[in-house]
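For reference, the structure discussed in these notes is given below.
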Amino acid sequence: MSGIENKLKAATLIDILQYRSVEQPTQTVYTFLIDGEREAVSLTYRELEQQAKKIATYLQSNTSTQARVLLLYPPGLEYISAFFGCLMAGAIAIPAYPPRPNRSLARLQSIIQDAQATIALTTHSILTNLERKLPHAPELKNLRWLATDNLPHNLVYDGQLPDNSPDALALLQYTSGSTAEPKGVKISHRNLLHNLEAIYHCFQHNQHSRGVIWLPPYHDMGLIGGILQPLYGGFPVTLMSPLMFLQNPLRWLQAISSTTATTSGGPNFAYDLCVRKFKPDQSINLELSSWDLAFNGAEPINYETMEKFAATFAPYGFRASAFYPCYGMAEATLIVSGGSKKNGVITKTVQAHALEQNQVITAKVAQENARVLVGCGQSLPDQEIIIVNPETLIRCQSTEVGEIWLRGTSVASGYWNQPEMTENTFNAYLAGTQIGPFLRTGDLGFIEDGELFVTGRLKDIIIINGRNHYPQDIEQTVEASNPIILPRGTASFSVEIAGEEKLIVLAEIDRRYWELNRTSKLNNDEVQKSLNEVKELIQIIRREVYKNHDLQPYKILLLKPNSLPKTSSGKIQRHACRASFLTDTLEVLSI
């Protein structure tokens with residue numbers, strides 16, 4: 001595959017930025033919608049290079065090559081300039097989510113301590129808000145801080161770029177922490193360029209492409225797919241804050257419509273949220289016919305969600321053929337597999353009970369206990385994906401579910417400062433052979449006719465009475481059981497009780513019902529009715545879980561809205577939910 005970097009003789013992303021700054025100096029590459037709608041700021045290639053040079057000048061005079069630099073920014077252009085400033089200075093960027101008011105600094109402190117960061121770049125407003133917390137957080141206090149929107153005017157770039165080899169580290173991409181404590185994935189310039197070329201090839205991008213991205217810029221999909229891919233491919237992208245999207249999902253679709261974007265996407269929940277919040281009278285001027293690649297990844301893909309989204313927005317020009325399911329992870333830089341745009345969405349219907357025994361048996365859609373799986377495409381041309389029994393480390397048969405293993409140039413070199421974990425995760429070999437090393441993804445799936453189907457997460461699997469149960473399936477059943485339960489507000493896991501694994505179900509409920517129950521001493525008819533509805537909800541959940549999964553929940557707890565532990569990208573942290581359950585620290589509705 002002849003990559004852009006080969007054509008431009010680029011060894012790092014900075015080489016590509018410098019090329020574009022010379023060849024396309026006045027072309028806008030990034031536009032950020034401040035209010036998610038009309039108020040916007042933008043950067044050309046030349047402006048981006050100039051701002052990155054200023055930041056690089058400061059870093060080169062205050063740090064050594066390959067120093068770890070914390071980036072603590074709200075979504076926006078300042079963050080992008082700081083990221084490229086780090087690369088230009090030969091520093092290792094550490095994107096991190098700015099702490100929200102009155103929220104714990106634990107994750108941020110953990111990242112700083114693990115990465116051994118020495119300097120932090122941010123904005124003046126964030127630094128002002130953090131200053132009162134610094135005396136109580138030694139990890140933050142010991143950093144050297146710089147607000148890059150207040151850079152000294154006398155900074156002059158001397159033109160001396162560090163001699164970065166393709167294998168030098170570009171960033172530490174901290175994992176979301178959805179199944180464990182966050183770990184810093186060591187991403188090199190070679191990893192970045194290889195994966196960016198893979199995305200460019202799979203998505204069939206060209207100079208006429210246009211993107212719209214609302215994804216968090218601190219995670220692999222938002223940073224690499226949303227910010228770096230447009231610069232790599234030489235096409236513009238319109239960005240907005242994830243908060244603007246969550247407040248009003250229609251802003252995402254309006255941005256696609258107004259910019260005639262060709263590429264956009266996100267996790268499955270984003271499409272589901274658009275359908276839930278959509279009102280036809282809001283969309284008079286919505287035109288989505290330009291959108292020819294709607295990628296869907298980062299969490300389990302639900303075929304029903306895609307069907308509903310396509311049906312809802314078909315009158316406004318959206319085509320179901322635009323859907324592009326894919327699979328990726330931080331340990332592989334970003335994309336691992338993706339399909340051919342001309343093939344559309346590939347599905348396979350299997351027997352759910354057989355899947356619980358790690359067997360793949362074809363079923364009909366109307367068949368009882370059938371489950372429709374969405375294919376996540378094929379392996380990239382120059383990498384290898386295999387399916388392996390996670391216990392025996394023997395390669396699985398085509399009709400068996402196993403752990404997804406991967407090797408190729410996009411695979412990172414390991415976790416920062418975690419040699420044992422790196423060895424276990426990145427250096428796996430098939431049993432009794434010298435075939436390897438492979439990355440153990442921790443995800444379960446199978447391959448049929450070259451198509452990868454992801455079935456679940458190994459660490460999240462619930463094993464009761466010898467059967468495997470996927471928590472996302474149970475959670476989907478619970479969420480669908482009653483509208484009182486909040487979307488994306490459920491968690492399921494198992495705990496050992498008297499030597500047996502038992503199912504625990506947590507469900508956040510609508511704030512109105514939560515508040516009414518809390519004030520039930522008023523004893524009026526409306527409050528009593530709501531209280532009875534909430535009590536009945538537990539029985540409804542119990543019946544639906546048993547009917548669909550042949551499982552009896554040991555405990556079902558109804559929780560305060562937005563109280564479940566989640567990652568900064570919105571994924572439920574089931575391991576943290578389990579820990580909170582065991583320590584009795586959940587905000588539970590007393591009934």
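Quick notes on this structure:
- On the stretch given as region 254-296, residues that are over 20 Å from residue 326 (Cα atoms), hydroxyl-bearing (Ser, Thr, Tyr), modelled with pLDDT of 90 or more and surrounded by 18 or more Cβ atoms within 10 Å (Cβ to Cβ) total 2.
- Test for residue 50: is it free of Cβ contacts under 8 Å to residues at least 40 places away in the same chain, surrounded by fewer than 18 Cβ atoms within 10 Å (Cβ to Cβ) and either in contact with a Gly (Cβ under 7 Å, 6 or more places away or on another chain) or part of a helix (DSSP H, G or I) (or both): yes
- Region 497-552, residues that are out of contact with any strand residue (DSSP E or B) (no Cβ under 9 Å at 6 or more places or on another chain), among the β-branched types (Val, Ile, Thr) and either at pLDDT below 85 or farther than 21 Å from residue 479 by Cβ (or both): 497, 519, 527
- Residue that is surrounded by the fewest Cβ atoms within 10 Å (Cβ to Cβ), among those in region 337-390 that are free of Cβ contacts under 8 Å to residues at least 12 places away in the same chain and within 17 Å of residue 473 (Cα to Cα): 368
- Exclusive hit being β-branched (Val, Ile, Thr), farther than 30 Å from residue 171 by Cβ, modelled with pLDDT of 95 or more and not assigned by TED's automatic domain parsing to the domain that holds residue 473, set 333, 349: 349
- Close pairs (7 angstrom Cβ cut-off, 6 or more residues apart or separate chains): at positive phi in region 309-326, surrounded by 15 or more Cβ atoms within 10 Å (Cβ to Cβ) anywhere: 317/287; 317/288
- Residue 442 being at pLDDT below 95, under 24 Å from residue 301 (Cβ atoms), of a type in the set (Gly, Ala, Ser) and not assigned by TED's automatic domain parsing to the domain that holds residue 491: yes
- Complete set of residues in region 543-574 that are outside any loop (DSSP other than H, G, I, E, B) and crowded, with 16+ Cβ neighbours inside 10 Å: 544, 545, 548, 549, 556, 557, 558, 559, 566, 572, 574
- Flag if residue 479 is within 29 Å of residue 501 (Cβ to Cβ), without any contact (Cβ under 8 Å) to a residue 40 or more places away in the chain, assigned by TED's automatic domain parsing to the domain that holds residue 370 and not small (Gly, Ala, Ser): no
- Hits in region 489-515 (condition: surrounded by fewer than 18 Cβ atoms within 10 Å (Cβ to Cβ) and either touching a helix residue (DSSP H, G or I) at 6+ places or on another chain (Cβ under 9 Å) or in a strand (DSSP E or B) (or both)): 495, 496, 497, 500, 501, 502, 512
- Of the strands (runs of 3 or more DSSP E) lying entirely inside region 409-475, those containing at least 3 residues that are buried (at least 17 other Cβ atoms within 10 Å of the Cβ) span 439-448, 451-457.
- Residue in region 128-145 that is more than 21 Å from the chain's Cα centre (by Cα), over 30 Å from residue 331 (Cα atoms) and at pLDDT 90 or above present: no
- Residue that is modelled with the highest pLDDT [pool: residues in region 58-83 that are surrounded by fewer than 22 Cβ atoms within 10 Å (Cβ to Cβ) and assigned to a helix (DSSP H, G or I)]: 77
- Residue in region 139-149 that is free of Cβ contacts under 8 Å to residues at least 24 places away in the same chain, surrounded by fewer than 24 Cβ atoms within 10 Å (Cβ to Cβ) and farther than 21 Å from residue 382 by Cβ present: yes
The values are calculated or read from the model by the stated rules, or taken from the named source; none is laboratory data. Predicted model only: the values in this text are computed from it and were never measured. So basically every Cβ, Gly included, is an ideal-geometry build from the backbone, and we count neighbours across all protein chains shown.
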